[in-house]
1. Read through the list (1) within 14 Å of chain B (Cβ to nearest Cβ); (2) surrounded by fewer than 15 Cβ atoms within 10 Å (Cβ to Cβ); (3) at pLDDT 90 or above, then give the number of the only condition that A:Lys87 fails.
2. Could you count how many residues in segment B:234-285 are closer than 27 Å to B:Ser57 by Cα, more than 7 Å from every other protein chain (Cβ to nearest Cβ) and among the aliphatic types (A, V, I, L, M)?
3. One residue is enough: does segment B:96-114 have a residue meeting the conditions crowded, with 24+ Cβ neighbours inside 10 Å and part of a strand (DSSP E or B)?
4. List the strands (runs of 3 or more DSSP E) inside segment B:132-203, counting only whole elements, that have at least 1 residues being in contact with a Phe, Trp or Tyr (Cβ under 6 Å, 6 or more places away or on another chain).
5. Taking B:Ser221, is it at pLDDT below 90, within 14 Å of another protein chain (Cβ to nearest Cβ) and crowded, with 20+ Cβ neighbours inside 10 Å?
6. When you go through (1) over 26 Å from A:Asp116 (Cα atoms); (2) surrounded by fewer than 17 Cβ atoms within 10 Å (Cβ to Cβ) one by one for B:Ala317, which number turns out not to apply?
7. Of the residues A:Val13, A:Val31, which is modelled with pLDDT under 90, part of a helix (DSSP H, G or I) and among the β-branched types (Val, Ile, Thr)?
8. When A:Gly107 is evaluated against the numbered criteria (1) touching a residue at least 24 places away in the same chain (Cβ under 8 Å); (2) surrounded by fewer than 17 Cβ atoms within 10 Å (Cβ to Cβ); (3) within 11 Å of chain B (Cβ to nearest Cβ), which criterion, by number, is the only one it fails?
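The values are calculated or read from the model by the stated rules, or taken from the named source; none is laboratory data. These numbers were taken from a predicted model, which means no experiment stands behind them. Using ideal geometry, Cβ is built from the backbone for each residue, glycine included, and neighbour counts are taken over all protein chains shown.
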Amino acid sequence: MTELLQYVANGLVSGGIYAIVAVGFITIYNVSKVINLAQGEFLMLGGMVTVALIGMNLPYGLAALLAILLVTLIGVLMQKYVIAYVKKANPISLIILTIGISTLIRGIASFIWGKDAFALEPITSNEPISIGGVMIAQQSIWILAAVLIILFLLWYLMDKTILGKKINACSVNPMAARLMGISPTKMSMLAFAISGATGAIAGIVIAPLSVTSYDIGVLLGIKGFSAAILGGLGNPLGAAVAAFLLGIVESLGAGYISSGMKDAIAFLVLIGMLLIKPSGIFGERSVGKGGL
Amino acid sequence: MKKRTFKKWLFPAAVASLVFLSACGGGATPAAESGTGGASKDPIKVGAIFSLTGPNSPLGVPEKQAVELLVKEINGAGGVEGRPLEVIFEDDKSDNTEAVKAIKKLASKEKVVAVLGSSGSGPSLGMAEYAAAEKLPLISMAAADQITNPVRAGIYKTPHTDVHGTKRIFKYLKEKGITKIATLNDSNPYGSGWTTQLQKYAPEYGITIVAEEKYGTKDPSMSSQLTKIKGTDAQALIVAGTNPGPATIVKEAKQLNLTIPIISSHGSANSKFLELIGDAGEGVLMVAGKLLIPEQVAADDPQSAIIKKFVDGYQAAYNTQPDGFAGYGYDGLNLLVEGLKQAGGDTSKLGEVLEKAKYVGVTGEFKFTADDHNGLTEDSMIMVEVKDGKFQLVK
């Protein structure tokens, strides 16, 4: 029983990481109908920039804050100088553009920091906490806290503020939004900023759990994207639930079936679910609505 | 409108191409020239193919540095058999095809008498294929057992194999009375090689493998595998992979409160591993070559003199401690020179005489025979423990 709970706990932590990535995908998708495949690179940059700044003798908190600001800025610049420039292109071209950007960011990162992995100190200590025999790293609690706070803030922004209403308006009908004096370009830039910031936060909180390197974004990006699709593209809450589900399935699969088949099991479940419900668990005909 | 868009694209495109160009710039490796030495005779040309760029570059760069250092020393002392030694370096970019291209070029254009390299197992296996067919002596610095097993004429290698590591760990476990182990290895060729050897030799040492788990090189978390291992009655965990995988495992084992000893392979035996595990790594064990802790090698150890000489020279030249890879390169060239001396300068005999070469190196004591072209035993490996963030010899 303890073992089962431990698998679930492990899965919740990985799921939390995927959830932040998935929410980043959806924030941008909702506004601009672009799947930003450089989302994983935002995570990588968050962790790596923090490590680099700490290496320059900056205190942890300041380094993390600067890293978040820098990645947010990169998100904004990416929207301003790439996505907004080719706004007449169809979503598929834009998606391919984001792949190009992700490769470019990865290349520059490996150029600056090399191909080695780096460690980041945990925010609090390395000692695990035992809850009824289930061991949980203190850093995992930070990760889950970060996920919940990000989800709450996003919900608050989208549902309770005028700004959120504007973003939603652009998502539902850009033309009508523009007629109401809302700039879809600005909203899209805001979405990229939010994605950049959440991505960077995720990158920082997950780095101490294992290690971080120039290429960690690739796999996390794929997992987060899968969760976003599984949750029904366009629904942040659905994506978060799907992400946790994916994490738990992965963990249980590795534990009870075969660790070599871990990813295969998770993706088999994903394919199976999408075959049964092509629009995702919480999706509402999003396939027809959007660019995909 | 069209023109404007183009202009706006120009800047990022220019930046991208600059990055690309400068990345490629590192790949060019000029041949090392050796001006001094026996003036009247032609130099003996030796090829050296290392992975100076690409994922294997952390291996290839120290190998090249060690070889360069040794060439200077040899030529300063009058060369080999009165002839200066000329080493021509090539970069295989960590790529199998590039490695084969490089060895073909060295053999046909430069007419080298022997080749050192490469750093990775894949490129080395490709080169060995060609070298064996052309009867060109080759000394590889790569780990895979298949390079010298089965034995081929003229093909040798210097690093310890997974067989040595496995036997050394099992010997240690036997001393400690541990009979049940779990393994968690990378699913790449390096880790799978270990999995095979661990299975093969376990019965010989009376050891049972109670859990055999794998992880992917890029996996961000191995906690599920560790949870499973925690649920078994394993008394020790063996981890084989290259950084950062084993470091992640050590950290997560701590997070899961897994208290059995963790023994890591020599694939992650370097200072980077210590840096990555931080304070989570106290008590982690590792099998490694003696070069990992040169200052702790006993004075009466047959290797102590050469290790000290190599470490001091390397430290003076590059202001950093040599790692195991630098040692593989150093031993490779030393073995080659030993062979050249025994062949009396007759380079055509080189492949044969190497088969009888005996040489005490920094990696271990090499004794090449007709059916052992690696020449090392597990006794040249040591067990170390991480204590206060440093490697300590386990006696």
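1. With (1) within 14 Å of chain B (Cβ to nearest Cβ); (2) surrounded by fewer than 15 Cβ atoms within 10 Å (Cβ to Cβ); (3) at pLDDT 90 or above applied to A:Lys87, the lone miss is (3).
2. Number satisfying all stated conditions: 11.
3. yes
4. Output list reads B:138-140, B:180-186.
5. yes
6. With respect to (1) over 26 Å from A:Asp116 (Cα atoms); (2) surrounded by fewer than 17 Cβ atoms within 10 Å (Cβ to Cβ), B:Ala317 is out only on (1).
7. Only one candidate passes the filter, namely A:Val31.
8. Result: A:Gly107 fails condition (1) only.
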